[in-house]
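The values are calculated or read from the model by the stated rules, or taken from the named source; none is laboratory data. Everything numeric here is computed off the predicted structure, so don't read it as measured data. Positions of Cβ are backbone-derived with ideal geometry, glycine not excepted, and every protein chain shown enters the neighbour counts. Each accessible area value is taken on the protein alone, full model and side chains, heavy atoms only, with ligands, DNA and RNA left out. Shrake-Rupley method; radii C 1.70, N 1.55, O 1.52, S 1.80 Å.
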Amino acid sequence: MDNQSLGVVLDAGQPGGVVHAHPLDVLASGSHRNIDVLLSTAGDEMGWWVANDHDRFDPHTVERVIDEFAGWRIPRSRARKIVDLYDRGGRTPAEVRAASLTDYIFTLPAARGALAHATAGGTAHLLMIGPAEERRPRRARHRDVRPGRPGKAGPQPRTGRP
């Protein structure tokens, strides 16, 4: 696995085909630098497999996740370091695999695409969508940031003692 992307269908030779080259190559070429690009991933792209096909997805041990990464031409010592970053917080081996594959297959290629587009002179934005169930709702507040208005950005006049 080269983690440039997973499942890109180059369909130029098909009737109605729209993808004439690998998306990362197109972004890096600068041919679309005048178009702002939004690349989006979910924070748990592989979570479906943990929830819905656990028996086939579960590696049963973290060592097997390391084996999987090492099988992609990543030196075993480096594969262990990568997987160790995800083996925390009481995650099961299936959750370790899902979190690491989410980043390796989805997040990293999206970041590479954004960097390629920006390096070619374009404007790129990254968006990660994830759960918000542990977040407390915040009240919306208006802040007037015009100079001379209360709540403005930047240094405020000093009053009283320091």
Quiz item: Do we have any residue at all in region 125-135 that's surrounded by 10 or more Cβ atoms within 10 Å (Cβ to Cβ), of a type outside the set (Gly, Ala, Ser), at pLDDT 90 or above and part of a helix (DSSP H, G or I)?
Solution: no
Practice problem: Could you please tell me which pairs satisfy a Cβ distance under 7 Å, a separation of 6+ or placement on different chains, a first residue in region 30-56 that is within 14 Å of Thr92 (Cα to Cα), and a second residue that is among the charged types (D, E, K, R) and open to solvent by 70 Å² or more (accessible area, probe 1.4 Å)? | Solution: Val50/Glu95
Quiz item: Out of (1) open to solvent by less than 50 Å² (accessible area, probe 1.4 Å); (2) in a helix (DSSP H, G or I), the odd one out for Arg56 is which?
Solution: (1)
Quiz item: So which residues in region 73-92 are open to solvent by 70 Å² or more (accessible area, probe 1.4 Å) and part of a helix (DSSP H, G or I), if there are any at all?
Solution: Arg76, Ser77, Arg78, Arg80, Lys81, Asp84, Leu85
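If you scan region 18-32, which residues turn out to be assigned to a loop (DSSP other than H, G, I, E, B) and under 21 Å from the mean Cα position of the chain (by Cα)? Give the steps one after another, and end with the answer.
Residues of region 18-32 that are assigned to a loop (DSSP other than H, G, I, E, B), as a first pass: 18-22, 30-32.
The answer is His22, and nothing else.
Yes/no per residue for (1) touching a residue at least 40 places away in the same chain (Cβ under 8 Å); (2) of a type outside the set (Lys, Arg); (3) assigned to a helix (DSSP H, G or I):
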| position | (1), (2), (3) |
| --- | --- |
| Asp11 | no, yes, no |
| Gly16 | no, yes, no |
| Asp67 | no, yes, yes |
| Ala94 | yes, yes, yes |
| Ile105 | yes, yes, yes |
| Pro109 | yes, yes, yes |
